[in-house]
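The values are calculated or read from the model by the stated rules, or taken from the named source; none is laboratory data. Being a predicted model, the structure only gives us computed values, none of them experimental. Positions of Cβ are backbone-derived with ideal geometry, glycine not excepted, and every protein chain shown enters the neighbour counts. Side chains included, ligands, DNA and RNA excluded: accessible areas come from the protein's heavy atoms. Shrake-Rupley method; radii C 1.70, N 1.55, O 1.52, S 1.80 Å.
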Amino acid sequence: MFKNRSLKFQGICCILMAAFFFCLMSLFVRLSGDLPVMEKAFFRNAIAALVALVMLLRTEEKFRMGKGNLPYLLLRSGFGTAGIVANFYAIDHMAISDANMLNKLSPFFAIIMSYFILKEKASKKEWLAVVVAFAGALLVIKPSFTAGAIPAFVGVFGGFAAGVAYTFVRKLGKRGERGPLIVFFFSTFSTLFVLPFVIADFQPMTGKQLMLLLAAGIAAAGGQLSITAAYSKAPAKEISVFDYSQILFAAILGFLFLGELPDIWSFLGYIVIIGAAVWRMQAMKEKC
């Protein structure tokens, strides 16, 4: 019992770290300016692949993967790549706030897909916590899909793809696959996938843009390692709600670096999200 509680707490800490790192990544991508989506995705994944490579080379197992895990690694990588490209496309073609909200659908989809892929059933209280947190996200983002229907649908697909990818991360974690290998496989897969598009439509960048994309890649590596550790330690239905903390981190960084000040609806959304997270944590303690 105590071991399970410890793993849940570690999973929550890891997903909070992942939320912060991914928020940093989004900030750096936003500051990098008008560059092709595939070019941004290339740097986001190439740096993460390099970091994971160094970590793997320092282990005894190196690139050895668990028996029977290759199909799940491919599924995790395929859906993860689709999620990244769709999210970056949405950011470039619609309001940043709307795009971020759509990306935050991923934990909701993760809980749904966990039922079908992992047979992990969520209780009514667990479903309620996620629904409340999602409602809080709507208050913060205030989506307005009056135009640009295609980018919106792409953004929704991005959230779905990310949710499925995280579910397969959990699947691999339960099968004992190592986090660095999962990250390396996914990041290398994604890098190789977008490379032909980068070559075909490469746009020269300034030194500042290069540094920002490198920083985005480093932040993405931190986020990827943290999210992989999170879903390897605990079920998606128990920790996914804490991924909404990225909205809070985004508000802080947006104010500090972009001069964005949240309105009253956003602050109300923060209260709802934090309340749902605290309530969910209390429910977890009572259950244990």
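Just one of the listed residues (Arg58, Arg30) is without any contact (Cβ under 8 Å) to a residue 12 or more places away in the chain, more than 13 Å from Val183 (Cα to Cα) and of a type in the set (Lys, Arg), namely Arg58.
Taking the criterion of being under 16 Å from the mean Cα position of the chain (by Cα) and open to solvent by less than 20 Å² (accessible area, probe 1.4 Å), the residues of the range 239-255 that qualify are Ile239, Ser240, Val241, Phe242, Asp243, Tyr244, Ser245, Ile247. Each residue in the range 27-45 was checked for being open to solvent by 30 Å² or more (accessible area, probe 1.4 Å) and either closer than 23 Å to Gly78 by Cα or among the hydrophobic types (A, V, I, L, M, F, W, C) (or both), and 5 of them qualify. Sub-6 Å Cβ pairs linking a first residue in the range 169-180 that is more than 15 Å from Ile15 (Cα to Cα) to a second residue that is open to solvent by 30 Å² or more (accessible area, probe 1.4 Å), at least 6 apart or interchain, are Lys171/Tyr72; Leu172/Tyr72; Pro180/Met55, ordered by first then second residue.
Scan the range 140-155 for residues that are at pLDDT below 75, part of a helix (DSSP H, G or I) and open to solvent by 40 Å² or more (accessible area, probe 1.4 Å) and jot them down. The one that is at pLDDT below 75, part of a helix (DSSP H, G or I) and open to solvent by 40 Å² or more (accessible area, probe 1.4 Å): Ala149. Among the residues examined, Ala230 does not qualify as over 14 Å from the mean Cα position of the chain (by Cα) and either modelled with pLDDT of 80 or more or not in a helix (DSSP H, G or I) (or both). Working only within the range 23-60, note down all residues that are within 18 Å of the chain's Cα centre (by Cα), among the basic types (Lys, Arg) and modelled with pLDDT of 85 or more. The answer is Lys40, and nothing else.
Suppose the filter is out of contact with any helix residue (DSSP H, G or I) (no Cβ under 7 Å at 6 or more places or on another chain) and either at pLDDT 85 or above or open to solvent by less than 30 Å² (accessible area, probe 1.4 Å) (or both); does Leu213 pass it? So Leu213 does not fit the description; no. Within the set Phe20, Phe63, the sole residue that is open to solvent by 50 Å² or more (accessible area, probe 1.4 Å), touching a residue at least 24 places away in the same chain (Cβ under 8 Å) and within 21 Å of the chain's Cα centre (by Cα) turns out to be Phe20. So Val54 passes all but one of these: (1) over 19 Å from Ser232 (Cβ atoms); (2) buried (at least 22 other Cβ atoms within 10 Å of the Cβ). Which condition number does it fail? Val54 satisfies all of (1) over 19 Å from Ser232 (Cβ atoms); (2) buried (at least 22 other Cβ atoms within 10 Å of the Cβ) except (2). Inside the range 185-207, residues that are touching a residue at least 40 places away in the same chain (Cβ under 8 Å), open to solvent by 30 Å² or more (accessible area, probe 1.4 Å) and in a helix (DSSP H, G or I) make up a count of 6. The one condition from (1) of a type outside the set (A, V, I, L, M); (2) part of a helix (DSSP H, G or I); (3) open to solvent by 40 Å² or more (accessible area, probe 1.4 Å) that Cys14 does not meet is (3).
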